[in-house]
1. Return the residues of the range 288-306 that are crowded, with 20+ Cβ neighbours inside 10 Å and within 20 Å of residue 396 (Cβ to Cβ); say none if nothing qualifies.
2. Considering only the range 181-207, how many residues are surrounded by fewer than 17 Cβ atoms within 10 Å (Cβ to Cβ) and part of a helix (DSSP H, G or I)?
3. Out of curiosity, is residue 64 buried (at least 18 other Cβ atoms within 10 Å of the Cβ), in a loop (DSSP other than H, G, I, E, B) and either over 18 Å from the mean Cα position of the chain (by Cα) or in contact (Cβ under 8 Å) with a residue 12 or more places away in the chain (or both)?
4. Name the single residue, out of those in the range 408-439 being surrounded by fewer than 24 Cβ atoms within 10 Å (Cβ to Cβ) and part of a loop (DSSP other than H, G, I, E, B), that is modelled with the highest pLDDT.
5. Being out of contact with any strand residue (DSSP E or B) (no Cβ under 8 Å at 6 or more places or on another chain) and crowded, with 17+ Cβ neighbours inside 10 Å is the filter; apply it to the range 127-156 and report the residue that is nearest to residue 400 (Cα to Cα).
6. Among residues belonging to the range 329-366 that are buried (at least 24 other Cβ atoms within 10 Å of the Cβ) and modelled with pLDDT of 90 or more, point out the one that is nearest to residue 299 (Cα to Cα).
7. Is it fair to say residue 101 is closer than 19 Å to residue 411 by Cα, in a helix (DSSP H, G or I) and either at pLDDT 75 or above or out of contact with any strand residue (DSSP E or B) (no Cβ under 8 Å at 6 or more places or on another chain) (or both)?
8. Restricting attention to the range 239-277, which residues are over 30 Å from residue 200 (Cα atoms), outside any helix (DSSP H, G or I) and either at pLDDT 85 or above or in contact with a strand residue (DSSP E or B) (Cβ under 8 Å, 6 or more places away or on another chain) (or both)?
């Protein structure tokens, strides 16, 4: 067998017969003929396909037994309502159902995102800049959820706009939109980022307004947005002690939101000791832990979960990881963790990509804005997955945070996939820049690595 000759340069391993740019420069790949972006797309595709399978599995129901009425377990009206909601599983439902359609839309969104020129959007000025429009759209959408006839409530929370089948959550738009706004500010105002009043406070006001609009209905998402945004400000040049000053204020605000809401206080009490009220406030987390422990090492088998049949609430959404562990065991749960770890690792490789400069020294090939924006995407996905898994396993109080690309969702899947597509775009343009196909940004638009280079 003939092994293709490879050579090492600052961009990585380059195959002799690898694809080339229009100017004849080889496209950098690793020893397996893949780029980091290929791995990101592959992992996202695996998560989406796995999500379709697990959502359909967790959504399985059994046909109601008429004996429930004769035994007095439920009224005839309740039985008829339950029977009307029953949908037997079929191949058509799996292949052409809502979940599969949304997964297809998410894949399309990822492709669209990969074609978006991220740096060009950053360079736009005035009314052509997307930043003011993003801020206005985020605030307007978050307010519209409270308008009768437009907003929709579910589980006592007004979080949605549109129909139950294909509506969307404005908080999802805010979660990803704030990343662009914060990265834009850090790069535009890079010279004053170490100043508390001129560099740190202005974006903090915008972040606080958006998070305040979300926190009343969805405290978990508000905390996620605020945490990621502050981390981005520090990575963008703000001082650590500026962020440290927010810790006591944030703790007071979070405690006030918990005390003001009885159901949030109940969640905190249930997390402290769920077995004090196993049929009350502790029921949810007990059923989740029962599902995980019931799966053992290799699980009950795909589709064989017991907890999904009316025992574990939110089994297709926020607590789908418990069903994964029950049906596929510890092995399946660890496989999911490895997929997320691989996604984050490959994302770091994209934003920390290096090239050889004119002076022969290594320098970042990704502009500062793309680095910071990409870091925000990775922080959001990583922290969201961490919060969800700690909640499901009982390590944190219950929060309404979905598992990225796995929990059943519409706007969550689509916007997460679109954001990963933007990471692919960042890599594609950095490769073209290394090859001289696009003009390298001025030196003042590049910055040292935000994190240690991934090798």
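The values are calculated or read from the model by the stated rules, or taken from the named source; none is laboratory data. Because the structure is predicted, anything quoted here is derived from the model rather than measured. Glycine gets a Cβ as well: all are built from the backbone with ideal geometry, and neighbour counts include every protein chain shown.
1. Matches in the range 288-306: 288, 291, 292.
2. Residues in the range 181-207 being surrounded by fewer than 17 Cβ atoms within 10 Å (Cβ to Cβ) and part of a helix (DSSP H, G or I): 9 in total.
3. Taking the combined requirement at face value, the residue satisfies it.
4. 410
5. Per the criteria, the residue is 142.
6. 343
7. For residue 101, the condition - closer than 19 Å to residue 411 by Cα, in a helix (DSSP H, G or I) and either at pLDDT 75 or above or out of contact with any strand residue (DSSP E or B) (no Cβ under 8 Å at 6 or more places or on another chain) (or both) - is met.
8. Passing the criteria: 273, 277.
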